[in-house]
1. Test residue A:369 against the criterion of being more than 11 Å from chain B (Cβ to nearest Cβ) and at pLDDT below 95, and give yes or no.
2. For the range B:286-303, enumerate the residues that are surrounded by fewer than 24 Cβ atoms within 10 Å (Cβ to Cβ) and within 24 Å of residue B:134 (Cα to Cα).
3. Determine if the range A:261-272 includes at least one residue that is in the same structural domain as residue A:138 (by TED's automatic domain parsing), of a type in the set (D, E, K, R), at pLDDT below 95 and surrounded by fewer than 18 Cβ atoms within 10 Å (Cβ to Cβ).
4. Step by step: first the residues of the range A:74-108, then only those that are in contact with a Phe, Trp or Tyr (Cβ under 8 Å, 6 or more places away or on another chain) and among the small types (Gly, Ala, Ser), then the one that is farthest from residue A:33 (Cα to Cα). Which residue is that?
5. Considering only the range B:139-164, how many residues are surrounded by fewer than 23 Cβ atoms within 10 Å (Cβ to Cβ), acidic (Asp, Glu) and within 20 Å of the chain's Cα centre (by Cα)?
6. If residue B:386 passes every condition in (1) more than 8 Å from chain A (Cβ to nearest Cβ); (2) touching a Lys or Arg at 6+ places or on another chain (Cβ under 9 Å) but one, which one does it miss?
7. Does residue B:73 satisfy being more than 23 Å from residue B:386 (Cβ to Cβ), in a loop (DSSP other than H, G, I, E, B) and either at pLDDT 85 or above or of a type outside the set (Ser, Thr, Tyr) (or both)?
8. List the helices (runs of 4 or more DSSP H) inside the range B:265-369, counting only whole elements, that have at least 3 residues being at the interface with chain A (Cβ under 9 Å from one of its Cβ atoms).
Amino acid sequence: MEICIYFQVHQPMRLAQYSVFGQDPNCGSYFDDDLNRKVMEKVAGKCYLPTNRLMLELLEKHPEFKVSYSLTGVFLEQCRMFSPQVIESFAALAKTGRVEFLSETYYHSLSYLFANKDEFIEQIKLHRKEISAFAAPSGVFRNTEAMFSNDIAYLVERLGYRGIMAEGLDHILGWRSPNYLYGVKGCNGIKALLRNYRLSDDIGYRFSAKWWSEYPLTAEKYASWLSSLSGDCVNIFMDYETFGEHHWADTGIFEFLRHFPGEIGKRGSLSFSTPSELVSRIGIRDDIDAPAVTSWADMERDTSAWLGNEMQREAFFALEALEGPVKERKDEALLRTWRMLGNSDHFYYMCTKSLSDQDVHNYFSPYDSPFDAYINYMNVLRDFEGRIKEA
Amino acid sequence: MLGWEFPPFVSGGLGVHCFELTRALARKGIEIDFFMPGGGDGAVQKTEGLRVIPVASSELAPYMFVSKRGMRAGYGDNLLAAVEEYAKKSESAALREAWRTQKKYDVVHAHDWLTAPAGERVRKALSLPLVQTFHSTEFDRTSWPWEAILGIERRAACEANLIIAVSNRTREQVLRLGADYRKMRVVYNGVDQEKFSEGKVGAEAVNGWKRGRKVVLFLGRLTEQKGPVQFLHAAKLVLEKKPGTLFMVAGKGELLPLLISMSMSLGISKNVLFLGYVSDEDQRRIYKLADAYVMPSTSEPFGITALEAMSSGVPVILSKTSGVSEVVKAAIRVDFWDINAMAQKILAVISSPTLGKVMSRLGQRDARLCTWEKAADETLKVYKEAAGK
């Protein structure tokens, strides 16, 4: 049984409070550098730096240990601006040769959902170029928030990818287990790596939940669960901020990680693989069929976290409508701004689902309400539209 | 229960609360004798289990005293005398009722400082547990708290067996009065869905009157605490960007003359409509006209009107210093002093049909969760706790 560990690493470019009554609304930046710096410095101190340090230690101590990441371009840009040592620490991980950096859209965007797919493809290329500065480009693709469908798989397959990440959803799998590789309906051999959401969420969500019957979770207990699984591989995917940020250091999350590779090593039936290794070594068992776009977001696991209400859809279509005008101007700065405005996070903040998921949206949102998020975004977008016309 | 006002003699949240709460409690099979200063008869439709007993005659409303010292001196002594008179008469009425009906009361419930002395007397006369609700404190009603009233409130905070505050915000204020935090319970107000959700005015009539203009509504007493001054300043900014907008100011109060002259000096008097006091029926109609409801209060213990507006499907912009903002999610919250932000949010709400539509829908959903039924359940829990049952 191969264990494939993968972490998503991203920080959005949060917008500044835009004022329609400002003296000169056009002179300032749309982005809140102070806030973005503060968040980056905080999370770097609590999560990125200590976790990378520990990962490097573990990779040196356990020659069989392997992990993979995807770092968004927006994240890397902010590292360069606010916390360059974070990039260095990722580069150090890359040097071990046992860390894979997956491919994705540079701007953590919803660009696949645009009617025209050119922007999606351009952003993938931009990201490849960015990553190749410190690591070999990967043959496995991961769309923003694990958005996946037959058509997405087909498109990235044509771009040369041999594997794609997806959520291991029950309604796609039916009676089948996520612990195998699957082909995708209508494609010609691209393999889908399906997240085992129960085992992933045991760490990502439930690790510090005192109400959970398995609390506290130890590396030994977790390794014993993994060794009792049947299948070819188990895909454990989560946000990197799990370590030190979603679960603070005092929950014991770092101790868990510290002992994890050793506990796996004790069990002969388990070993670590990167996504590319899985794709090369393991054959598919069956095809899955995902006609509609799925994701790992919210309870619905679809696109409703970003496009579920009228405000989100209006904002998204307004952004999409600017693609043509922006690109006609052939102005790199304008294009970059437009792409930054395409961060999926801006739309996530406008989500109005109630109950528990809304709390997650609120937790991550710099806004007081989804309405404020919509107002600010639309004000910025309207101002930006003016800039395009003037350019 | 000891109250001060009841529809149609209502000038604030206190009256609405007593009316709706007693009805909801009565529906749960609780028998209530509701004592209030004269004029109670004919005020309410018959509800089984609820008797309204007028005990003293007074025409003074709870909000008549105001921040200007001169006016307060005029009304003040009268009001204090009325409160004392009400307290004495409530005591004798309670004794009489208890003897006449041979009923055993379980608990006496007083509302605000106006009926607090009455609560204390009745509780002593009949040896009952006393529950005291604070709908507001003197700190909320004026920037110049009156020592005599503060004294009554402090005493009430100390005397009651259990205290109900209408929000966490009000709870904090009552703690300032010296209440023991272990006695404090929070019970939020509700809103009568049926009353506000149905369309009382046809869409055609509304559109005919508005003729394409957007309407922004303020509804409340015209006092410093309700923030009408900020409302007009925000209106001025909005009008710079959207000249046709109409700003309606419903309610009366000591600031009216100032507000009128302010609207003239700001040069926006053509776009500001002062409606004065509006009846219950008119209030429902006004909500139907509004494209945005603004509650810019500097200090709002709860703010039932925000729930009414949401229930009517009006997008709501609330001051963060309001109790209601603790219970509703589908509203935009602003700092009452941040005129720019307030104007910006008003502009967005009246300019974006999408935003207006989503807020209207979600606001109605939010308001549906705030029922008097729930408030009555929670109040009942407090009664049982006070009575040791």
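The values are calculated or read from the model by the stated rules, or taken from the named source; none is laboratory data. Values in this document were obtained by computation on a predicted structure and should not be read as measured data. Here the Cβ positions follow ideal geometry from the backbone for every residue, glycine too, while neighbour counts run over all protein chains shown.
1. For residue A:369, the condition - more than 11 Å from chain B (Cβ to nearest Cβ) and at pLDDT below 95 - is not met.
2. The answer is B:298, B:299.
3. So far as the range A:261-272 goes, yes, one or more of its residues are in the same structural domain as residue A:138 (by TED's automatic domain parsing), of a type in the set (D, E, K, R), at pLDDT below 95 and surrounded by fewer than 18 Cβ atoms within 10 Å (Cβ to Cβ).
4. A:94
5. Number of matching residues: 1.
6. Every condition holds for residue B:386 apart from (2).
7. Criteria not met by residue B:73.
8. B:339-351, B:353-369
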